[in-house]
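See below for the structure under consideration.
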Amino acid sequence: MIIKSQKSWYTSENDVTPEKLYLNRRSFIAGTASLAVTASVGMGAGNAAFAKNDRILAPLPFRDSGYGTAEPRTPEEAVTSYNNFYEFGTGKSDPAENAWRLQPKPWSVKVEGHVSRPGIYDFEDLIDMAALEERIYRLRCVEAWSMVIPWIGVPLSSIIKKVGPTSGAKYVAFETLADKKQMPGVKSFFNVLDWPYREGLRMDEAMNDLTFIAVGLYGKELPNQNGAPLRLVVPWKYGFKSIKSIVRMNFVEGQPKTSWKKSAPSEYGFYSNVNPEVDHPRWSQKQERRIGEFGRRETMMFNGYGEEVAHLYADMDLRKNY
Ligand SMILES: Nc1nc2c(c(=O)[nH]1)N[C@H]1C(S)=C(S)[C@@H](COP(=O)(O)O)O[C@H]1N2
Ligand SMILES: [Mo]
């Protein structure tokens, strides 16, 4: 019987327990004989966490971007073992346990739609490794916890400029890999989400200076569980907008369909801007628990990035456009 030693930052779902998550307390109770068989999502319940993801992560060259915060960074161990990546299971420790199956190299991204240079881009053609910068951003999950993460990557705008959107491009739609062979959550009987995982941004959001494509964190390549080899980071929006392991970018005219909105439209909208004034139907968004800290913090409008992004929504009702 495996009983995990719990880190201080490793919360149970005691903050909020969304229905969709409660099925998956498996990872939490793996040592509890009476409950050990609840809702296994088909990847072998009860494995020790954090044991298998032994891909060697190369250090990355980067410059400091000046995008920082005085708040302490969340410990690396928490950033890489307390994750949401449903393709590998819905428990917080499932991604770290299962994502070793993902093959992030070689990797390519299909770029299509309203662009002058569509095509299949190798990772190396999309990401200028000589231009990597570090940005320390807050990440606020919709489930009312948050982290501070030193990301390494490039502005999304640098990639968009490469592919040359044309006037028909009003939104960018993103998709994650959905490969049953590599992703046990995708072949699971419990289809929590409609795969592939989909997200999208309005073009002005995508071009905003804060919007980032991360290829690393804490000075090294991205661990698989954090979305290797490239993932979006949109720091003023709830974490689920920050789509991982991207394989497709489609430049479209209409607002794209997104996975969470499709699964529960009254709970998750297209915009998903962090907003303490607009509660989730099942819990408050006024406060958050910073992973690694005791107590709670007040949640900030736009996650504290209002100066950079509030103008994007100047004439919108953010209660309607949640
Ligand atoms: N493809 C994919 N991307 C995803 C998710 C997911 O389940 N699948 N979860 C999202 C959610 S809810 C959050 S909070 C962040 C978590 O990122 P992290 O694990 O690197 O902290 O990833 C987001 N990106
Ligand atoms: Mo999240």
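Restricting the calculation to Cα atoms, segment 107-153 shows an Rg/Rh of 1.15 when the hydrodynamic-style radius is the Kirkwood one. Proximity of backbone amide H atoms, modeled 1.01 Å from N, is registered between residue 290 and 146, 297 at under 5 Å, excluding neighbours fewer than 5 places apart on the same chain. Computed with a 1.4 Å probe over protein heavy atoms only, the accessible surface of segment 188-291 comes to 30 Å² per residue. The translational diffusion coefficient of segment 54-313, from Stokes-Einstein at 4 °C and 1.567 mPa s with a Kirkwood hydrodynamic radius over alpha carbon pairs, comes to 70 µm²/s. Amide hydrogen proximity for residue 137: with H placed 1.01 Å from N in the peptide plane, the residues at 5 or more positions away or on another chain lying under 5 Å are 149, 151. Across segment 294-310, rounded Karplus estimates of 3J(HN,Hα) from the backbone phi angles (6.51 cos²θ - 1.76 cosθ + 1.60, θ = phi - 60°) give 9, x, 10, 10, 6, 6, 9, 3, 6, 6, x, 10, x, 4, 7, 10, 4 Hz, Gly and Pro being marked x. Using the Cβ of residue 210 as centre and a radius below 13 Å, the other residues enclosed give a net charge of -2, where K and R count +1 and D and E count -1. At q = 0.13, 0.23, 0.25 Å⁻¹, what is the log10 ratio I(q)/I(0) for segment 251-322, with the Debye formula run over Cα points and no solvent? Log-scaled intensity ratios, in q order: -0.47, -1.17, -1.24.
So if I take the centroid of the Cα atoms in segment 152-170 and the same for segment 181-246, what is the distance between those two points in Å? Centre-to-centre (Cα) distance: 17 Å.
Computed from the C-alpha gyration tensor, the three semi-axes of the ellipsoid equivalent to segment 162-273 are 22, 19, 14 Å, from longest to shortest. The phi-based Karplus calculation (6.51 cos²θ - 1.76 cosθ + 1.60; θ = phi - 60°) puts the 3J(HN,Hα) values of segment 166-179 at 9, 5, x, 7, 10, 9, 10, 9, 10, 9, 8, 3, 9, 10 Hz, whole numbers, x for Gly and Pro.
Phi-derived couplings, Karplus 6.51 cos²θ - 1.76 cosθ + 1.60 at θ = phi - 60°, listed residue by residue for segment 249-265: 10, 10, 8, 10, 8, x, 4, x, 6, 10, 4, 6, 5, 5, 6, 8, x Hz, with x used for Gly and Pro.
I'd like the antiparallel share, as a percent to the nearest 5, of DSSP beta bridges with both residues in segment 54-313. Of those bridges, close to 85 percent are antiparallel. Distances between placed amide hydrogens fall under 5 Å for residue 222 paired with 216, 217, all partners being 5 or more residues away or on another chain. For a 29 Å ceiling on Cα separation, which of these pairs sit above it: 257/286; 187/241; 105/286; 181/237; 180/262; 220/257? Violating the 29 Å Cα-Cα cut-off are 105/286; 181/237; 220/257. Straightening the chain between residue 316 and residue 123 buys 65.9 nm, computed as 0.36 nm per residue apart minus the Cα-Cα spacing. For segment 54-313, the relative contact order comes to 23 percent (Cα pairs under 8 Å, sequence separation of at least 6).
The values are calculated or read from the model by the stated rules, or taken from the named source; none is laboratory data. Source: prediction; values computed, not measured. Cβ: placed from backbone, ideal geometry, glycine included. Neighbour counts: every protein chain shown. For the accessible areas, the whole protein counts, side chains as well, though only heavy atoms, and no ligand, DNA or RNA atoms are used. Shrake-Rupley method; radii C 1.70, N 1.55, O 1.52, S 1.80 Å.
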